[in-house]
Every structure is written in C-alpha cells, then in structure tokens.
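Have a look at the structure below before the remarks.
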Amino acid sequence: RKEVEQDPGPFNVPEGATVAFNCTYSNSASQSFFWYRQDCRKEPKLLMSVYSSGNEDGRFTAQLNRASQYISLLIRDSKLSDSATYLCVVNRMDSSYKLIFGSGTRLLVRP
Amino acid sequence: NAGVTQTPKFQVLKTGQSMTLQCAQDMNHNSMYWYRQDPGMGLRLIYYSASEGTTDKGEVPNGYNVSRLNKREFSLRLESAAPSQTSVYFCASVQAGAKNIQYFGAGTRLSVL
C-alpha cells in the first residue's frame, strides 16, 4: 500500500464547477501536509500548505482530518487554467525533511 | 531569481553510458533532493542531502550516486545507464524550518536506449 494515496482521475468538469479531491495517508507520524500543482511536463509547485484548522486561499480550500488521516482540496468556480495534476504531499517530521508524494489527481476543466 | 537550476534539460543515452545531472540552488538552502518521476508512480526520492557534507539514500537509490559538492550544488550520477532509468529527474531544495516547502528545478528528461 502506498503511503499517500490519491484517486488518479481524471476529473473532467465544466468551467465554474466546484470540484473536490481527497487524499489518504497511512503514517500517523506525518506532521506537515501540502498540495502541490504540476502542469504537464513541468516541475511541481506549491499550491498551499494544509493546516489542522483548515485554510483557504481564494478559490482553494484545504482541510485536514488527522483522526481519519485524510486531506482534501476544494476548488470553487473552476477556471480553464486550473487544469493540472494536483499532488498530495506529506512530511514526516524527522531530521531529513523528506516529503512523500502521492501519484497525483488529474483535473481537466472544459469550456 | 534563478531558484533551482538543473542541467541538462534533455539527454539521450545508450545503455551502459554514464552521465552526471547537475543541480544548483541560489536560495542558501541547507537540504537538497533528487527525485525521479515515472507515469503513474508519482515522485520517488532517489537520494537527499540534509546538509552540506551529508548524503543519504532515499526510496530508489540503486544505480545512482550523488555528490554534495558545496552548499549550492548537488549532482546525480548514473555510472552505467539502463533503460529502466528512463525518467524525468527533478532536483529540489528546502530551507529546513521554513515549513519544509520544497522548491523544484525544471527537470531533466532522460531517455536510455
């Protein structure tokens, strides 16, 4: 079983739709959580960190449920430019600062 | 602002050839990482360097070696390339303590024939 699991998608939604992705992680020692965005054939870039209380950045909302060990990302009012792969990432807080990446969920926003 | 710079961007090798992938960061970060990304597999950690002078194996180190030349530079070497090493390679760096946000280079696309 992978340490970080995501539905690979693709999620195919019209512009303006609301879409949600979930991610589960298996290591309860995970301490930090992130969503990265990766465009086709480009490097991953940080979209947002995920805090225990939940956090919002414009149209994007991230939630963390430590008890159930899952993380979610909600995108409201989807834009064509949101089409990308979204990577769920967790960090075990040890001296190596290693990140564990999910395989990603692909989002396609159509006109 | 260059951030993390990787060279080369593309490379084609024949089986058995060797090469070194270069990575440099100008953000004064302590930790640096090498990943490979294959379709459907996500990013897998090959080697990392928590600080200058130290290197450690990640999830998939076989067939690779690394050198942390100084604080800025972290290179990845393939001594005898194999077709299974065809992949996209990303270098990343992080300033420990800064919420561990990793910054990535643009990647090296390597094909081994």
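The values are calculated or read from the model by the stated rules, or taken from the named source; none is laboratory data. Bear in mind the structure is a predicted one, so any value in this text is a computation, not a measurement. Counting neighbours? That spans all protein chains shown, and the Cβs are built from the backbone with ideal geometry, glycine included. Remember, those area values only see protein heavy atoms, side chains included, never the ligands or the DNA or RNA. Shrake-Rupley method; radii C 1.70, N 1.55, O 1.52, S 1.80 Å.
General remarks:
- Close contacts from the range B:16-28, counting a first residue that is over 14 Å from B:ARG68 (Cα atoms) and in contact (Cβ under 8 Å) with a residue 40 or more places away in the chain and a second that is exposed (fewer than 13 other Cβ atoms within 10 Å of the Cβ) and polar (S, T, N, Q), with Cβ to Cβ under 7 Å and a gap of 6+ residues or different chains, come to B:GLY16/B:SER80; B:SER18/B:SER80.
- Residue match in the range B:101-108 (condition: at the interface with chain A (Cβ under 9 Å from one of its Cβ atoms) and either of a type in the set (Ser, Thr, Tyr) or out of contact with any strand residue (DSSP E or B) (no Cβ under 7 Å at 6 or more places or on another chain) (or both)): yes
- The set of residues in the range A:52-76 that are open to solvent by 50 Å² or more (accessible area, probe 1.4 Å), touching a strand residue (DSSP E or B) at 6+ places or on another chain (Cβ under 7 Å) and in contact (Cβ under 8 Å) with a residue 12 or more places away in the chain comprises A:SER52, A:ARG59, A:GLN63, A:TYR70, A:LEU74.
- Spans of strands (runs of 3 or more DSSP E) in the range A:11-111 with at least 3 residues within 10 Å of chain B (Cβ to nearest Cβ): A:30-38, A:45-50, A:84-92, A:99-101
- Counted residues, the range B:65-88 - those being surrounded by 16 or more Cβ atoms within 10 Å (Cβ to Cβ) and over 19 Å from B:ALA50 (Cβ atoms): 6
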